[in-house]
Amino acid sequence: MRIARLVTSRLVGVVLVLLVVTAITFVIFYLLPSNPAQLSCGKPCTPENLARAKQFLGLDLPWYGQFWEFLRGIVMGRTFGTGADAIVCNAPCFGYSFQLNTPVTELILTRFPVTASIAVGAAALWFVSGVAGGTIAAVWRRKAPDRAIMTVAIAGVSSPAYLVGMLLILLFGFTLGWLPTGGYEPFGDDPVQWFLHLLLPWTALAFISSAVYARLTRSELVEQLGLDYVRTARAKGLGEGAVVMRHGLRNALIPVVTLFGLDLGTLLGGAVISERVFSMQGLGALLLDSIGRLDLQVIVGITLFSAFLIAIANVVVDIVYGLIDPRVRAA
Amino acid sequence: MSAPTDAVDLSARGGTASGRLDLFTQLRRDPWALAGLIVVAVFVLAAIFAPLITAINGQNPYDYNLHALDSSGAPKGWGGGISWRHWFGVEPLTGRDLFSIVVYGGRLSLSVGVLATLVAVAIGVLVGLTAGYFGGWYDRVASRVVDVLLGFPALIFIIALTAVVSANFPRPVLIVLVMGFFSWPSVARVVRGQVLSLKQRTFVVASEAMGAGDGHVLWRQLLPNVGATIIVYATILVPSMIGFEAALSFLGVGVPPPTPSWGRAIGTSVQWFSTDPGYLVFPGGALFLITLGLNAFGDGLRDALDPRTSRRRGILHRIAPRSARTHGRQRKVTA
């Protein structure tokens, strides 16, 4: 029952957050003087075309009417224009790219597997290596393993992802020729090539992010290991391994999991930099291309989609919390 | 590092002379922090005196040196055209002096990084102080806004924003404002947390009992006591802002050319790095070094002010995990 209530209240919260995010995005991109009709009217942009684009996009409506249409499109789908030239955009309609003649949702869905492949693999790698590194550093605090891991970690925290990525390409791609220098191979076509193409992006992202996770895990675990309940566990004769893994780490991981949810959610919304470095056509590349073309509907669609992903990641984290931490469940 | 300090009292008194002395002694004993500080100082001086430094060799970051290039546009000579005239070689296609670009690029990185941090800290401190002190519905609204903004896809949003903001709006100002705007929530959260515990302390209660107004309590009693935290926090924010700006320039949506920028140089070097790795190494190395220096210094400063490292607990004990958390949040924008 409590879990059900927790889930419901979080879902209500997330719907409110999404409404606010959608409203802000809508105001900034459609109502501020950026002139969406001009941008989606295509070339040559004659006055007739412009007027048609305006009516087509529903820009002749007052602002609340436009916002309502926009929201309704996300939930129920919408139709641009009327009669024979009408363009149907099925729910969830995040907009329609008139330049590519494709619904934005479809564009996002075709690009998403690329971004998801990068994000999920990298996240798994950095979570495992970061937590392992942080745990080792905390257990051997102020000894050689701690110093070594924390030195690597501060270097990782200070390196930009693209720099690491480019150096990896230079070494493993161009110099040694072991791995492809870029591009993406769908998993369905060839799982081995898929893996080989993703190995460098995963490594680059994991290197910079696991540094953050190692530092966070270390500082949280050091704090937990100094608390009374850990002393009790040791006093009753529990082995050091069990004390660290079963007691200390379990509590230390709570903030780590929060950060992980947010980071993964953000990365799923577009690994903009890795996609650029490794020439992969994911959501981030779509965003950059759309900016080059000033394809406003796609830009807004991706922004909202990534905000939605983060909001969903937050809810998942909250629910996972409720499952692992009795105090949250009770509250 | 294990020497007992008065870090807690330092913060409570707002940094007395003896407290400050203590801080410097601590920092001096931390070789990493000291090295970081020296690196940062070198970069700051280089940025300030950029015209003088590049004048030594009669170079500047704007003039084309086509004679230094071969027919394909690649720099002539070893290491991307390294010579006594061009210490770091030259830029492919234009032949602009890479040393000058790196030195001048530091001006952009440092000024954007520091200014965006100031924006974030100013908003964050204002919101955090008032939310923690006044409480009630105002606090609830402020905390909710903080939560929403922390869960915003900042990088995606800022990239999208560059498409719609008028080209007449100066790009560096836009970048400073939006980066600052997306970074204040973590500052507000930390400051609010500290104010919540500070306002129970006797000196605040006494001040209120003596009839001090809200303004006095906020400005004279609370603000000086969160000063140490704010300084540590700002030190950690600057490198992430520098990385953020470089990432935007790398993606081609940052400050437009010809203003020299490390991120843009790295971004352009993508097409060249199999033939001219020097073009990647020098701007990339500069970006890495300044970030590393600031992070090392920030870590040292935090350790010096963090009572946990001196086995004392106090109001500052939350800094370390919090800042690490935000650090993560700042870092990931450049993934």
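The values are calculated or read from the model by the stated rules, or taken from the named source; none is laboratory data. Just so you know, these numbers come straight off a predicted model, no measurement behind them. Virtual Cβ from ideal backbone geometry, glycine too; neighbours counted across all protein chains shown. Just the protein is used for accessible areas: all its heavy atoms, side chains included, with ligands, DNA and RNA removed. Shrake-Rupley method; radii C 1.70, N 1.55, O 1.52, S 1.80 Å.
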Checklist entry - If we keep just the residues of the range A:218-241 that are within 11 Å of another protein chain (Cβ to nearest Cβ) and more than 17 Å from A:Lys143 (Cβ to Cβ), which is most open to solvent (accessible area, probe 1.4 Å)? => result A:Glu223
Item to check | Conditions (1) open to solvent by less than 50 Å² (accessible area, probe 1.4 Å); (2) part of a helix (DSSP H, G or I); (3) within 14 Å of chain A (Cβ to nearest Cβ); number of the one not met by B:Val119 | outcome: (3)
Checklist entry - Among the residues of the range B:275-285, is any on the phi < 0 side of the Ramachandran plot, assigned to a loop (DSSP other than H, G, I, E, B), out of contact with any Ser or Thr (no Cβ under 6 Å at 6 or more places or on another chain) and open to solvent by 10 Å² or more (accessible area, probe 1.4 Å)? => result yes
Item to check | Within the range A:250-302, considering residues that are of a type in the set (D, E, K, R) and at pLDDT 85 or above, the one farthest from A:Leu163 (Cα to Cα) | outcome: A:Asp289
Checklist entry - Does B:Ser197 satisfy being of a type in the set (Gly, Ala, Ser), closer than 18 Å to B:Thr130 by Cβ, touching a helix residue (DSSP H, G or I) at 6+ places or on another chain (Cβ under 9 Å) and crowded, with 21+ Cβ neighbours inside 10 Å? => result no
Next on the checklist: Can you list residue pairs whose Cβ atoms sit under 6 Å apart, with the first residue in the range B:139-158 being within 10 Å of chain A (Cβ to nearest Cβ) and the second being surrounded by 20 or more Cβ atoms within 10 Å (Cβ to Cβ) and not in a helix (DSSP H, G or I)? Count only pairs 6 or more apart in sequence or on different chains.
Outcome noted: B:Pro153/A:Gly269; B:Ala154/B:Val333; B:Leu155/B:Val333; B:Ile156/A:Gly269; B:Ile156/A:Gly270
Next on the checklist: Quick check on my filter: what residues within the range B:250-269 are open to solvent by less than 50 Å² (accessible area, probe 1.4 Å) and either within 11 Å of chain A (Cβ to nearest Cβ) or not in a helix (DSSP H, G or I) (or both)?
Outcome noted: B:Phe250, B:Leu251, B:Val253, B:Gly254, B:Val255, B:Pro260, B:Ser261, B:Trp262, B:Gly263, B:Ile266, B:Gly267, B:Ser269
Checklist entry - When you go through (1) under 17 Å from the mean Cα position of the chain (by Cα); (2) open to solvent by 30 Å² or more (accessible area, probe 1.4 Å); (3) among the aliphatic types (A, V, I, L, M) one by one for B:Ile290, which number turns out not to apply? => result (2)
Item to check | Every residue from the range A:278-295 that is open to solvent by 10 Å² or more (accessible area, probe 1.4 Å) and within 8 Å of another protein chain (Cβ to nearest Cβ) | outcome: A:Leu288, A:Ile291, A:Leu294
Checklist entry - Based on what the data block shows, is B:Leu98 aliphatic (A, V, I, L, M) and open to solvent by 90 Å² or more (accessible area, probe 1.4 Å)? => result no
Checklist entry - Would you pick out the residues in the range B:160-174 that are among the aliphatic types (A, V, I, L, M) and more than 12 Å from chain A (Cβ to nearest Cβ)? => result B:Val173, B:Leu174
Checklist outcome for this item: Note on the range A:153-183: residues away from every other protein chain (no Cβ under 12 Å) and open to solvent by 60 Å² or more (accessible area, probe 1.4 Å) are A:Leu176, A:Trp178
Checklist entry - Do we find a residue being within 14 Å of chain A (Cβ to nearest Cβ), in a helix (DSSP H, G or I) and open to solvent by less than 50 Å² (accessible area, probe 1.4 Å) anywhere in the range B:205-214? => result no
